[in-house]
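A.B. asks: Submitted below is the structure of interest, expressed as structure tokens.
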Amino acid sequence: MNLRYIALGLDYDTYINSNNELRYQFQLHTRFISNYFSKKIRKYRFDTKGVFNMISIALLPENKMKPTRITSGDVLETYLTFDQKRYEQIKGTEDYSYYLELLEQGFIKASKFKSIPLDTLLKLIEEFKQGGYKNEWLHKKKRFKEEDLEVILTCEFTTNYFQLIATINQISTKKELARGAVIRTEPDEVLFDKMFKDIYIDDNIIITDSSDSPRIIIDKGKIFAGKLDFEIRGDKEIQEMLSYNL
């Protein structure tokens, strides 16, 4: 079993009944960090000898501390005190120092309970800082020579939102024709993970979802005029979810 997941959040059992809104909002503000470190640590294939595949740093009120343990879900869970005042001061801003301090403290504490790749995890914290605290990646790039178009989908996962950016270039001139967010959700993989997959072109530019069904329809006729005109397919709930603050 390899280490595949890193999670930072308020302790579920403690906050689900007492203050679930606080728990959920903290999760949203920190998901882009948990996602970044989860993806990065998988590349190292750290073997946990079949004991755990996740390190979870769970936050608790000072008077409710728990000992580090292995849970039934293959999770190495360690606990730290939650400083709600400090969190309230920085939530939604670009000041991520508190979150990264919690990660560092949690990794060090977990390393005293089980063998983990501590040096690697601490190095990843520094890399995240040096990279401008960004969790961004290329999802797909496709060239359609018969249409003279190149379509690039990139992802931006932040403390306040996730968005899928479509950039459409003209191949022959190497000119950017249009660029903009076509999906924007709250910052949680559960909301966006299966909402985009591939690209194809017929009468329009189509971005499919994980079931290969059309999800985003971009008006091909307006692209050469520099306009990114699109519609989101799905019921009203899905459309509202995918156009969060668009």
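Each reported figure results from applying straightforward, stated rules to the coordinates on display, with no laboratory input. Predicted model, so just to flag it, every value in this text is computed and none were measured. Methodologically, a virtual Cβ is constructed for each residue, glycine included, from the backbone with ideal geometry; neighbour enumeration extends over all protein chains shown.
A.B. asks: Calculate, in nm to one decimal, what T81 and D148 gain on full extension: separation in residues at 0.36 nm each, minus their alpha carbon distance.
C.D. replies: Difference between extended and current length: 18.5 nm.
A.B. asks: Under 4 °C and 1.567 mPa s, how fast does the chain diffuse according to Stokes-Einstein, given a Kirkwood radius computed over C-alpha pairs? Answer in µm²/s, whole number.
C.D. replies: D, rounded to a whole number, is 65 µm²/s.
A.B. asks: Helix 97-111 against the longest principal axis of the chain: what's the angle in degrees, Cα atoms only, rounded to the nearest 10?
C.D. replies: Here the helix axis deviates by roughly 50 degrees.
A.B. asks: Using only helices, what value at 222 nm comes out for the chain when you add -39,500 (n - 2.57) per DSSP H run of length 4 or more and divide by the total residues, to the nearest 500 deg cm²/dmol?
C.D. replies: -9500 deg cm²/dmol
A.B. asks: Between helix 118-130 and the chain, what is the angle of the helix's C-alpha long axis to the longest principal axis, kept within 0 to 90° and rounded to the nearest 10?
C.D. replies: 40 degrees
A.B. asks: Of the chain, which part is the longest with no trypsin sites (Lys or Arg not before Pro) in a loop (DSSP not H, G, I, E, B) and with at most 10 other C-beta atoms within 10 angstrom?
C.D. replies: It runs 175-246.
A.B. asks: Net charge near N245: determine it from the other residues with C-beta under 15 Å of the C-beta of N245, scoring Lys and Arg +1 and Asp and Glu -1.
C.D. replies: Around N245, the charge tally is -3.
A.B. asks: Now for a separate question. Grab the Cα-Cα distance for S115 and S211, subtract it from 0.36 nm times how many residues apart they are, and report the gain in nm with one decimal.
C.D. replies: The span from S115 to S211 would gain 30.6 nm if fully extended.
A.B. asks: Under 28 Å from the Cα of K129, which lysines turn up, not counting those fewer than eight places away in the same chain?
C.D. replies: K39, K40, K43, K85, K91, K109, K112, K114, K140, K141
A.B. asks: Do you know the relative contact order of region 135-242, to the nearest whole percent, from alpha carbon pairs under 8 angstrom that are 6+ apart?
C.D. replies: Here the relative contact order equals 17 percent.
A.B. asks: Extension gain Q25-K227, at 0.36 nm per residue separation less the Cα-Cα distance, in nm?
C.D. replies: Here the segment from Q25 to K227 would lengthen by 69.2 nm.
A.B. asks: Tell me the Kirkwood radius of region 9-129: reciprocal of the mean inverse pair distance over distinct alpha-carbon atoms, in Å.
C.D. replies: 15.0 Å
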